[in-house]
Amino acid sequence: MSETARTLFAGALVWPGLERLVGEPPFPADVLVEGNRIAAIARAPARLPREGAAVIDCAGAALIPGLVDGHSHLSFVEVTNFADIGDIPPEEHAFIAMHNARKVLAAGFTSCLSAGAAKPRLDVALRNEIAAGRIPGPRLLAASPELTTTGGLGDERRLHMYRESVAMIVDGADEVRRAVRTLCREGVDTIKLNVSGNHTLPAGKAHLTLMSEAELAAAVEAAHSFDKRVAAHCRSAASVKLALARGVEIIYHCDFADDEALDLLEDARDRVFLAPAVGMMHDTIYRSEAFGVGYERARARGLLEELESVCRVYTELRKRGLRVLVGGDYGFPWSPHGANARDLEHFVRLFGYRPDEALDAATRLGAEAMQLGEALGFVREGRLADLLLVRGRPFEDVALLQQPENLLVVMKDGVVHKAPPGAGAARLPLAA
Ligand SMILES: [Zn+2]
């Protein structure tokens, strides 16, 4: 593109985003994108000139900010066990992650906060290729592999057999510190720690806390010395309290948070982001039958009680004003990459969010968690042009976002990654 590309969204119903949970109602407008920014917005009946722009007719469609997944694993490969992911050589794995990134972007997620790479440099390399514009994918904050302790989530070894997994196994503060420093040297944005157990572990169930305070403290100290944030897998109440006490910035799950943990979370609401990552749990119960798990097995593993607890916790945390991110651990067979928008419906159905509030979690809050709160998250003049054109009124029915045919345009950084057939496509700034 020799001159600055201009794309005009003509006659869109603009959902600009919520400011502190109250927003102006959606309004009809023309929106002009120049280069990678939203250059002008003219509310109807005013119109913007068509000359020199590729024009997209937006009749019957809403223009909203691009979505942010706050708990993504672009290098998970839709298999049921982590040892099978560990078996994949790094060369093939990088291509798989690249394909996943394209799928997630096509589903309207223009940013991803990674919650763990399956190998140390997968996210780093993927982030760099996407940022350089060489491959399509969401804006990505690269995570480390999940740092876990012996017997913790991601330790697939047996006494008689070594197995690789998605995690790095570290025991004791010294090993943790060395691993964190190494990963920071290798370019990650976020250090991921597995602090609590998980329902999938035979011995280390979700209500248990497996990483010690000394190990967690060493990880946070080392990460902060490199000016990196820490994200932690914390299902047990004690793990949530430990993470808060030691300055973890992003706390995932919080399934079994007790009253004390809820109070501590409320006290920290301006400095932490949370993500329940409820999509995977929900779909393991209700969508995994064809993949050899199913409702009865999920129930036997205690997942029904766990989901019930998650619903109680997040219904309460919503009332207390916590910053809760959409993003549901997509990348399993029953919750594949690209199905990420299911999470918004979970927020509405399971946690009592209003539809526009769920959309706010996926846009404004997501942008803040990406550390791009000043640049993204709103349809507003001067903001980066990460935009979705969606058939219907997604701010009233977030389930619309799950149907690919409703996503008419996906634009990231001013570049169109999905366009309606024939809609001025010849002149749109299309991705290669
Ligand atoms: Zn996860």
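Where a number appears in this text, it was derived from the coordinates with a stated rule and is not lab data. Because the structure is a prediction, the values reported are computed rather than measured. Cβ coordinates were reconstructed from backbone atoms using ideal geometry, including for glycine residues, and neighbour counts include every protein chain displayed.
Sequence gap at least 6, Cα distance under 8 Å: using those rules, report the relative contact order of the chain to the nearest whole percent. Don't jump to the answer; show the numbers that get you there.
Values: 1052 pairs, mean separation 84.1, N = 432.
Relative contact order, the chain: 19 percent.
Among the listed pairs 119/412; 192/241; 205/241; 228/319; 119/192; 192/228, which have their C-alpha atoms separated by more than 19 angstrom in this model? Each step should come with its number before you reach the end.
Numbers: 119/412 27 Å; 192/241 17 Å; 205/241 17 Å; 228/319 30 Å; 119/192 12 Å; 192/228 11 Å.
Long pairs (Cα-Cα over 19 Å): 119/412; 228/319.
How high is the relative contact order of the stretch 1-55, given as a whole-number percent (alpha carbon pairs under 8 Å, six or more residues apart)?
On the way: 91 pairs, mean separation 20.7, N = 55.
Worked out over the stretch 1-55, it gives 38 percent.
Across the chain, how large is the tail of the calculated P(r) beyond 28 Å, expressed as a percent of all Cα pairs? Walk me through the numbers before you get to the answer.
On the way: 43131 of 93096 pairs.
Beyond 28 Å sits 46 percent of the P(r) for the chain.
In whole percent, what relative contact order does the stretch 67-125 give with Cα contacts below 8 Å and a gap of six or more residues?
Details: 66 pairs, mean separation 34.0, N = 59.
Answer for the stretch 67-125 is 58 percent.
Identify all lysines with a Cα-Cα distance to residue 418 below 28 Å; exclude those on the same chain that are fewer than 8 residues away in sequence.
103
Enter the Cα centre distance for the pair the stretch 188-265 and the stretch 95-112, rounded to the nearest angstrom.
The stretch 188-265 and the stretch 95-112 have Cα centres separated by 27 Å.
Tell me what the chain gives for mean residue ellipticity at 222 nm when only DSSP H runs of n ≥ 4 count, each as -39,500 (n - 2.57), the sum divided by the residue total, rounded to 500 deg cm²/dmol. Please list the in-between numbers first.
On the way: 13 runs with 134 residues, N = 432.
Estimated from H runs of four or more residues: -9000 deg cm²/dmol.
In what order do 314, 295, 330, 162 fall by count of nearby beta-carbon atoms within 10 Å, going from fewest to most? Please list the in-between numbers first.
Details: 314 25, 295 15, 330 31, 162 8.
Ascending Cβ contact count within 10 Å gives the list 162, 295, 314, 330.
Report the FRET efficiency, 1/(1 + (r/R0)^6), for residue 349 and residue 381, where r is their Cβ-Cβ distance and R0 is 25 Å, rounded to 0.05.
Values: r = 35 Å, r/R0 = 1.38.
The computed FRET efficiency comes out at 0.10.
Could you list which residues have their amide H under 5 Å from that of residue 71, counting only those 5 or more apart in sequence or on another chain, with H placed in the peptide plane?
113, 328, 329
How large is ³J(HN,Hα), in whole Hz, for each residue of the stretch 261-273 in order, when computed from phi with the Karplus curve 6.51 cos²θ - 1.76 cosθ + 1.60 and θ = phi - 60°, using x for Gly and Pro?
Values per residue, Gly and Pro as x: 5, 4, 5, 5, 4, 4, 4, 9, 5, 8, 10, 10, 10 Hz.
Tell me which residues come under 5 Å, amide H to amide H, from residue 116 once H is placed; ignore anything under 5 positions away on its chain.
Result for residue 116 returns 143.
State the extension gain, in nm to one decimal, for the chain segment bounded by residue 50 and residue 81, taking 0.36 nm per residue of separation less the distance between their alpha-carbons. Kindly include the intermediate steps, with their values, before the conclusion.
Numbers: separation 31, 0.36 × 31 = 11.16 nm, distance 5.27 nm.
Stretched out fully, the residue 50 to residue 81 stretch lengthens by 5.9 nm.
If amide hydrogens are placed 1.01 Å from N in the peptide plane, which non-local residues have theirs closer than 5 Å to the one on residue 418?
Excluding prolines and chain starts, which carry no amide H, the hits are 410.
Can you list the GluC sites (Glu not before Pro) in the stretch 190-226 that are in a DSSP coil and have 13 or fewer other beta carbons within 10 angstrom?
Working: sites: 213, 215, 221; in loops: none.
Taking the stretch 190-226 and a limit of 13 other Cβ atoms within 10 Å, no loop GluC sites (Glu not before Pro) are found.
Counting other C-beta atoms within 10 Å, which of 9, 256 has the fewest, and how do the rest follow?
Working: 9 27, 256 23.
So the ranking, lowest neighbour count to highest, is 256, 9.
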